[in-house]
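Asker: The structure's right below; bear with me while I get my questions together.
The values are calculated or read from the model by the stated rules, or taken from the named source; none is laboratory data. Keep in mind it's a predicted model, so treat the numbers as computed, not measured. Cβ atoms come from the backbone with ideal geometry, glycine included; neighbour counts cover every protein chain shown.
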Amino acid sequence: MIKVENLYKRYHNHHGSDWVLKDVNIEIPSNVSVGLVGRNGAGKSTLLRLIGGMDSPDRGRIATDSRISWPIGLGGGLQGSMTGRQNVRFVARVHGSRDDIDNIVARVEEFAEIGQAFDEPVRSYSSGMRSRLNFGLSLAFDFDVYLSDEATAVGDRAFRAKATKAFSDRIGKASIIMVSHSEGILKDLCQSGIWLNQGQAIWFDDINEAIDAYHQSSGKKDKGSEKG
């Protein structure tokens, strides 16, 4: 379970700033995959980063007994001066065992499909290549919860299908908390939903109800895709 308690988050600038998230209280049950919906800037990626421990709240806390991935798709957390291979080996030493390192490196190299760039500095990568490497690296470990920020939108059609299948294969063994422009993906992979609106987070047991609430609030008639 992931428990969000009295959570506030904003990003300060010289103009002053509103709360991106304010007084959010929500519980995400174990083994339930969740889609995050809401307009641009509603705080979907922010909430993922907070859950993944990549950012800290201004107030409140997030408590969990689950092993949670970093947000797949953001491409952050990689050292630009190191090659893809070196980054993978470094993370494998932290999260895996010494005996697993070579196997993890091979799995990530195969999944990311970035060819010779795997042995070039990450600073030379495009954002898509970084995301592919990040995706493959996350899937090399057995997390209880995988966080996905547009991860299934990376690469060409074949790679997107591969990424979606990788998540589908993990359902039942782990859960997913996902941000995606594709409502079809959310409906296929998620059971429940969280609608983020004006700093608040509203839980829905059914992902379809979360998407409908978002559409009704924004007056959208076309439900083919969510601009997240």
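Asker: Keeping to region 196-217, report how many residues are under 14 Å from Ser33 (Cα atoms) and not acidic (Asp, Glu).
Answerer: We begin by selecting, within region 196-217, every residue under 14 Å from Ser33 (Cα atoms); these are 203-208, 210.
This time we only want the ones that are not acidic (Asp, Glu), so: 203-204, 207-208, 210.
Total satisfying the criteria: 5.
Asker: What residue, among those in region 183-210 that are acidic (Asp, Glu) and under 14 Å from Thr152 (Cα atoms), is modelled with the lowest pLDDT? So that I can check it myself, show each step before the final result.
Answerer: Start the filter on region 183-210 by keeping residues that are acidic (Asp, Glu), which leaves 183, 188, 205-206, 209.
Checking the rest, the ones that are also under 14 Å from Thr152 (Cα atoms) come to 183, 188.
Working: Glu183: 94, Asp188: 91.
Filtering region 183-210 for residues that are acidic (Asp, Glu) and under 14 Å from Thr152 (Cα atoms), the one modelled with the lowest pLDDT comes out as Asp188.
Asker: Can you name the residue in region 46-68 that is more than 17 Å from Ile176 (Cα to Cα) and of a type in the set (D, E, K, R) and is also surrounded by the fewest Cβ atoms within 10 Å (Cβ to Cβ) among such residues?
Answerer: For region 46-68, the residue satisfying everything is Arg61.
Asker: Moving on to the next point. Which count do you get for residues in region 48-95 that are among the hydroxyl-bearing types (Ser, Thr, Tyr), closer than 19 Å to Pro121 by Cβ and either part of a loop (DSSP other than H, G, I, E, B) or under 17 Å from the mean Cα position of the chain (by Cα) (or both)? Quick ask: steps written out before the conclusion?
Answerer: Taking region 48-95 as the starting set, the residues that turn out to be among the hydroxyl-bearing types (Ser, Thr, Tyr) are 56, 64, 66, 69, 81, 83.
Checking the rest, the ones that are also closer than 19 Å to Pro121 by Cβ come to 81, 83.
Now narrow it down to the ones that are either part of a loop (DSSP other than H, G, I, E, B) or under 17 Å from the mean Cα position of the chain (by Cα) (or both): 81.
Of the residues in that region, 1 qualify.
Asker: Another question about this same structure. Here are the criteria: (1) surrounded by fewer than 20 Cβ atoms within 10 Å (Cβ to Cβ); (2) modelled with pLDDT under 90. Tell me which single one Ala163 does not satisfy.
Answerer: (1)
Asker: Residue by residue through region 96-154, note down the ones that are in a loop (DSSP other than H, G, I, E, B) and of a type in the set (Gly, Ala, Ser).
Answerer: Listed by number, the residues that qualify are Gly96, Ser97, Ser126, Ala140.
Asker: So for region 182-194 (the condition being free of Cβ contacts under 8 Å to residues at least 24 places away in the same chain and under 13 Å from the mean Cα position of the chain (by Cα)), does at least one residue qualify?
Answerer: The answer is no; no qualifying residue exists.
Asker: Oh, and also: Is it the case, given these coordinates, that Asp99 is in contact with a Ser or Thr (Cβ under 9 Å, 6 or more places away or on another chain), modelled with pLDDT under 95 and loosely packed, with under 15 Cβ neighbours inside 10 Å? Step through it out loud before you land on a result.
Answerer: Working: in contact with a Ser or Thr (Cβ under 9 Å, 6 or more places away or on another chain): no; modelled with pLDDT under 95: yes; loosely packed, with under 15 Cβ neighbours inside 10 Å: yes.
Judged against the criteria, Asp99 is not a match.
Asker: Every residue in region 17-45 that is out of contact with any helix residue (DSSP H, G or I) (no Cβ under 7 Å at 6 or more places or on another chain), closer than 21 Å to Glu183 by Cα and assigned to a loop (DSSP other than H, G, I, E, B), please.
Answerer: The first filter runs over region 17-45 and keeps only residues out of contact with any helix residue (DSSP H, G or I) (no Cβ under 7 Å at 6 or more places or on another chain), leaving 17-19, 22-32, 34, 40-45.
If we keep only those that are closer than 21 Å to Glu183 by Cα too, we end up with 28, 31-32, 34, 40-45.
Across region 17-45, the qualifying residues are Asn31, Val32, Asn40, Gly41, Ala42, Gly43.
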